[in-house]
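What follows is a single structure, written as structure tokens, with notes after it.
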Amino acid sequence: MRKHLKVIMLGFVILVWGVCSSTSGRAYGAISTATMQEIDRVNEKGPYLGIIVPNSFEMNPLLQSPSFVADLKVPYLDYFGRRFRFGKVENEKVIIVMTGLSMLNAGITTQLLLILFKVKGVLHYGIAGNANPQLQIGDVTIPRYWAHTGLWNWQRYGDGTSEELALESNGDYTREIGYLRFANYQNASENGKPIDNFLNNVWYQPEEVFPADGIPEVRQHSFWVPVNKHYFKVAKRIEGMTFQGCVSSTCLPRAPRAVRVKNGASANAFVDNSAYREFLNSKFNITPIDMESAAVALVCHQQQIPFIAIRALSDLAGGGSAVSNEADIFASLAAQNAVDASLRFITLLFP
């Protein structure tokens, strides 16, 4: 069904091009003839494992690895500000693409990858902040579920937790997932109780999703997005794998290791705040915090493409030492650890 939908979508793009293109051979916002032909040639060699990476410093260790061999005939294709790189990783055909920072960039890039190319699965990797004090910098986490924790209903001041949210009655919003009360995070109190805060409460909301095999414009809701069961089972085999733990003369207390965890979270916010870190961990059992994984997960979920994310911890969000932010020191180490774990995962996924 999904393959049939992709053929229809690509056919529609070609049709639009035929109607709208000028003598220059280019359509307004559509795919040029030359690009479409290049995409067809690439897809003849598919299917591919899509590898989606947030930033260049996370992607470069993979591109520089001897495990990656670029395609000699078509090493890359540039489209809509993205460079799709083709080749093999551990002898598996892959397409590697960088998203850029944020949920929007990650979602757009993932959608382009899945619409344009014949992709059989998606591996997303990178670095992340850590909300779990049981783990340390450098550890590589593989969550079972991902959530977008930046979609809120911000409740008006004066309303309490038992009062209905705006637009809750028609199903647009819910109080089922939980809320953050700003008054709980003030320094001041009165008679041992938190003083009211004009910011009141924010209620966490699920995403509206429209599955590829669903009824168009009929929404479903999803807060916790699971990774592929088979991929997660394969990831169990890299648990306990150890990684490098030193940057120059600065070394971590122990060798970092890979671990599967329950939940990860993404939102358009760089979390360097210990109070919010502790809230996410205690409320939702979150370990890695980033700005892209949930967007990739949501798109793959709607397109019914197998997906997993591997995130190495670069810092304890909000600080765990006198260092202003450990990510300044350990980001490169975490990026390399994420790459090493991803390479091992690919080897096990496609033996």
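The values are calculated or read from the model by the stated rules, or taken from the named source; none is laboratory data. Computed from a predicted model, the values in this text were never measured in an experiment. We place every Cβ from the backbone using ideal geometry, glycine too, and count neighbours over all the protein chains shown. Only protein heavy atoms, including side chains, enter the accessible area calculation; ligands, DNA and RNA are left aside. Shrake-Rupley method; radii C 1.70, N 1.55, O 1.52, S 1.80 Å.
Inspection of segment 35-52 identifies no residue that is over 15 Å from K118 (Cα atoms) and either surrounded by fewer than 15 Cβ atoms within 10 Å (Cβ to Cβ) or at pLDDT 95 or above (or both).
Is it the case, given these coordinates, that N268 is outside any loop (DSSP other than H, G, I, E, B) and polar (S, T, N, Q)? The answer is no for N268. Out of everything in segment 122-169 that is among the hydroxyl-bearing types (S, T, Y) and out of contact with any strand residue (DSSP E or B) (no Cβ under 9 Å at 6 or more places or on another chain), what residue ends up being farthest from K229 (Cα to Cα)? Ranking the qualifying residues of segment 122-169, first place goes to Y157. R144: surrounded by 15 or more Cβ atoms within 10 Å (Cβ to Cβ) and of a type in the set (D, E, K, R), yes or no? Taking the combined requirement at face value, the residue satisfies it.
Among residues of segment 240-256 that are outside any loop (DSSP other than H, G, I, E, B), those with a Cβ under 8 angstrom from a residue that is polar (S, T, N, Q), sequence gap 6+ or separate chain, pair up as V247/S332.
Taking the numbered list (1) assigned to a helix (DSSP H, G or I); (2) of a type in the set (A, V, I, L, M); (3) within 27 Å of T109 (Cβ to Cβ) in turn, A275 passes all entries but (3). Being closer than 27 Å to I177 by Cα and either out of contact with any strand residue (DSSP E or B) (no Cβ under 8 Å at 6 or more places or on another chain) or at pLDDT 95 or above (or both): is that true of A70 here? When the stated conditions are applied, A70 does not pass them. Test A295 against the criterion of being under 18 Å from the mean Cα position of the chain (by Cα) and in contact (Cβ under 8 Å) with a residue 60 or more places away in the chain, and give yes or no. Yes; evaluated as a whole, the condition is true for this residue. Of all residues in segment 162-175, those being β-branched (V, I, T) and either in a strand (DSSP E or B) or over 31 Å from the mean Cα position of the chain (by Cα) (or both) number 0.
What do you reckon, is Q302 part of a helix (DSSP H, G or I), open to solvent by 20 Å² or more (accessible area, probe 1.4 Å) and under 22 Å from S56 (Cβ atoms)?
So Q302 does not fit the description; no.
F307 passes every criterion in (1) closer than 21 Å to T174 by Cα; (2) surrounded by 20 or more Cβ atoms within 10 Å (Cβ to Cβ) apart from (1).
Looking only at segment 213-233, which residues are within 18 Å of A309 (Cα to Cα) and among the β-branched types (V, I, T)? I'd like the intermediate steps shown before the answer.
Step one: filter segment 213-233 for residues within 18 Å of A309 (Cα to Cα), giving 222-233.
Correct list: V225, V227.
Just to be sure before I move on: is A312 in contact (Cβ under 8 Å) with a residue 40 or more places away in the chain, closer than 30 Å to A212 by Cα and within 15 Å of the chain's Cα centre (by Cα) in the structure I sent? Considered against the rule, which asks whether it is in contact (Cβ under 8 Å) with a residue 40 or more places away in the chain, closer than 30 Å to A212 by Cα and within 15 Å of the chain's Cα centre (by Cα), A312 comes out as no. Just one of the numbered conditions (1) surrounded by fewer than 20 Cβ atoms within 10 Å (Cβ to Cβ); (2) touching a residue at least 24 places away in the same chain (Cβ under 8 Å) is not true of E164: (2). A residue that is at pLDDT 95 or above, open to solvent by 60 Å² or more (accessible area, probe 1.4 Å) and closer than 16 Å to F284 by Cα occurs somewhere in segment 180-191.
Being within 21 Å of H230 (Cβ to Cβ), surrounded by fewer than 19 Cβ atoms within 10 Å (Cβ to Cβ), in contact (Cβ under 8 Å) with a residue 24 or more places away in the chain and of a type in the set (V, I, T) is a description that applies to T347. Take N200 and tell me if it is in contact with a Leu (Cβ under 6 Å, 6 or more places away or on another chain), more than 30 Å from K93 (Cα to Cα) and modelled with pLDDT of 95 or more. In short, no. A count restricted to segment 68-120 and to residues that are among the hydroxyl-bearing types (S, T, Y), surrounded by fewer than 20 Cβ atoms within 10 Å (Cβ to Cβ) and either over 22 Å from the mean Cα position of the chain (by Cα) or under 24 Å from T347 (Cβ atoms) (or both) stands at 1. Number of residues in segment 260-284 that are open to solvent by 30 Å² or more (accessible area, probe 1.4 Å), of a type outside the set (D, E, K, R) and touching a residue at least 24 places away in the same chain (Cβ under 8 Å): the value is 8.
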